[in-house]
Each structure stands twice: as C-alpha cells, then as structure tokens.
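Undergrad: After the structure tokens below, expect a handful of questions from me.
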Amino acid sequence: MIMPAARAAVKPAAFRVADVPCHPTQEPMPAAPVTLRQATARDADTIAAMHAASWAATYRGLLPDGFLDAGLADNRRVHWQEQLRGRDADAQAVFIAEQAGQPIGFVCVKQERDHPDDVLLDNLHVLAPHQGTGAGKLMVARATDWARARGASRLYLYALEGNNRAIAFYERQGWRHTGTESDQIGGIAVQARRYERPV
C-alpha cells in the first residue's frame, strides 16, 4: 500500500530577515529534474528510511501511533533487506526517484509467479516536500514499462481506505476501483481499496 511522507524538522535560521536579499522580479531557479535508477541490495537502508517516514506521515490517524512510532524504521529495514536479497528478487523491481542526487521516493513492482499476467504495484512513495514534482507519475510509468516488458497485461495495487491523497492520485491516473478487501496492520483491522489498470 501506498504513498507520501514525513517532513524533516528544520532548524531555525540563524540570521535576521533583513539580512536576506530579496529580488522580487527575479525568475525562480528551475527545479532539478527527477531521475530514476534501479535499486540494489545496498539501497535497503535508504528505501527503509523513506518507507518509514512515508508511513508515519501518511497513516497518522489511520493506524495506531504506537505502531508508527515504535520500531517502524527497524521493521522496514529488515523488510527491505529481505526483499532485495530474497529468492523472489528476480520477480520484482525497485526504482528510486532522485532529485539533485538525493532520494525522494521509490516504487516496487512484483510479478506473480502463479499469475504472470498480473503485476502488483506494491509500494509507491514520494517524500512530502517533493510531492507534485511529477515523481509519482514517472515511477508509475516506469512500473508500467517493467510490467509490459515482463509480458504482463495488468497492474494492480491496494490503497488504504482514508488515504485520500493517494486514492485521488490513482483515480486521476485512470486506475479503476475494483473492490475493497480487509487486512490487519499494526494490530487493527483496515480496509484497502483494490485498483487495476491495463499495461
């Protein structure tokens, strides 16, 4: 299940407002382009940190605070070390989005061995300060290309009920809501919407 992330705490600036030059007519600097690269096992800690930050921000109020605050980073680190080194690593791909050389999000796609026509978009996360940069669309496009190259005909995903920003994003991109399923996360029952899209 999917998406956004936590804003890092910013230390207050040590200068007065008057010390900062202001040029109201100056054009803003263009943002650096978002690029993608395929992750390796060495990226497990980076992916885990983004995953934990995203869950802590996105699911606050939807999942218990105790689950989001106690050991989530370590839990995700173990998860991604296993995912990137496990026996099913050849049936999945993880791509990291970067801007100006810094990781800002990631996507994971998995092909089902028993149903090779189907590819699960298992994770799509963009850190909060970088949402709206097009990184999410870029990663969905890469996931679609990967699924098509593997001979799949359909992508599917699950979005937690209440994750309205993610749901709106997928529906704008043409994903079709095909049902709702029950799950357990953090010790509580949750509802997840299933979405599908042809590749």
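Undergrad: Hey, among the residues in region 166-199 that are farther than 17 Å from Asn123 by Cβ and in contact (Cβ under 8 Å) with a residue 60 or more places away in the chain, which one's surrounded by the fewest Cβ atoms within 10 Å (Cβ to Cβ)?
TA: Gly187
Yes/no per residue for (1) at pLDDT 95 or above; (2) farther than 21 Å from Phe67 by Cα; (3) in contact with a strand residue (DSSP E or B) (Cβ under 9 Å, 6 or more places away or on another chain); (4) aromatic (Phe, Trp, Tyr):
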site: His130; (1), (2), (3), (4): no, yes, yes, no
site: Ala152; (1), (2), (3), (4): yes, yes, yes, no
site: Arg165; (1), (2), (3), (4): no, yes, no, no
site: Trp175; (1), (2), (3), (4): yes, yes, yes, yes
site: Ile188; (1), (2), (3), (4): no, no, yes, no
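Undergrad: So, of the residues in region 89-114 that are hydrophobic (A, V, I, L, M, F, W, C) and more than 20 Å from Ala52 (Cβ to Cβ), which turns out to be surrounded by the fewest Cβ atoms within 10 Å (Cβ to Cβ)?
TA: Ala100
Undergrad: Out of region 131-162, which residues are closer than 30 Å to Ala31 by Cβ, free of Cβ contacts under 8 Å to residues at least 60 places away in the same chain and either surrounded by 15 or more Cβ atoms within 10 Å (Cβ to Cβ) or of a type in the set (A, V, I, L, M) (or both)?
TA: Val140, Ala141, Ala143, Thr144, Trp146, Ala147, Ala149, Leu155
Undergrad: With a cut-off of at least 2 residues that are aromatic (Phe, Trp, Tyr), name the strands (runs of 3 or more DSSP E) lying wholly within region 133-199.
TA: 154-160
Undergrad: Scan region 116-123 and tell me whether some residue there is within 20 Å of Thr178 (Cβ to Cβ), in contact (Cβ under 8 Å) with a residue 40 or more places away in the chain and either more than 11 Å from the chain's Cα centre (by Cα) or assigned to a helix (DSSP H, G or I) (or both).
TA: Yes.
The values are calculated or read from the model by the stated rules, or taken from the named source; none is laboratory data. Bear in mind the structure is a predicted one, so any value in this text is a computation, not a measurement. All Cβ positions, glycine included, derive from the backbone under ideal geometry; neighbour counts span all protein chains shown.
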